[in-house]
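This report refers to the structure that appears directly beneath it.
The values are calculated or read from the model by the stated rules, or taken from the named source; none is laboratory data. Everything numeric here is computed off the predicted structure, so don't read it as measured data. Cβ placement follows ideal geometry from the backbone for every residue including glycine, while neighbour counts extend to all protein chains displayed.
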Amino acid sequence: MEHGTRKELDDLLLIVDNWIRGYKTLLAGPGDEYLIEDLKEEVNEKMMPYISRLLKTEHITREEMGVLSGEIISKVAEFEKTVTCKGCEECDCG
């Protein structure tokens with residue numbers, strides 16, 4: 001992978017981090033679950049088409065796309081955990 005492409009992928013992850021940071025500022029308590037869906041929608045509508053274009057134009061491989069998508073999914077899952085966890089003993093979010 002070219003250095004410029006790696007930087008672009010890192011920038012995409014930074015964009016997702018910034019979205020998550022923004023959504024965290026909106027957290028107010030019970031009923032915040034809609035923010036999870038909003039974030040997922042934003043990723044699906046804005047990020048995934050861009051990543052698909054990178055693959056289609058051969059700027060990244062399928063493997064690289066999988067790794068990047070996995071990192072994004074992990075970040076979204078962590079945000080979901082932050083929103084839904086109530087500090088219970090059933091999960092490890094305490």
Practice prompt. For Lys40, work out the one condition from (1) outside any loop (DSSP other than H, G, I, E, B); (2) over 10 Å from the mean Cα position of the chain (by Cα) it doesn't fulfil.
Written response: (2)
Worksheet item: Out of all the residues in the stretch 63-87, which are among the basic types (Lys, Arg) and without any contact (Cβ under 8 Å) to a residue 12 or more places away in the chain?
Response: Lys86
Worksheet item: Which pairs do you get when a residue that is touching a residue at least 12 places away in the same chain (Cβ under 8 Å), found in the stretch 36-49, comes within reach of a residue that is part of a helix (DSSP H, G or I) and among the charged types (D, E, K, R), reach meaning Cβ atoms under 7 angstrom, with the pair 6+ apart or on two chains?
Response: Ile36/Glu80
Fill in: Filter result for the condition that a residue is in a helix (DSSP H, G or I), surrounded by 10 or more Cβ atoms within 10 Å (Cβ to Cβ) and modelled with pLDDT under 95, over Leu13, Leu54, Leu35
Leu54
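Of the residues that sit in the stretch 57-73 and are of a type in the set (Ser, Thr, Tyr) and surrounded by 11 or more Cβ atoms within 10 Å (Cβ to Cβ), which one is modelled with the highest pLDDT? Break it down into steps so the answer makes sense when it comes.
In the first step, residues of the stretch 57-73 are kept if they are of a type in the set (Ser, Thr, Tyr); the result is 57, 61, 69.
Of the ones still in play, those that are also surrounded by 11 or more Cβ atoms within 10 Å (Cβ to Cβ) are 61, 69.
Values: Thr61: 93, Ser69: 96.
The qualifying residue modelled with the highest pLDDT is Ser69.
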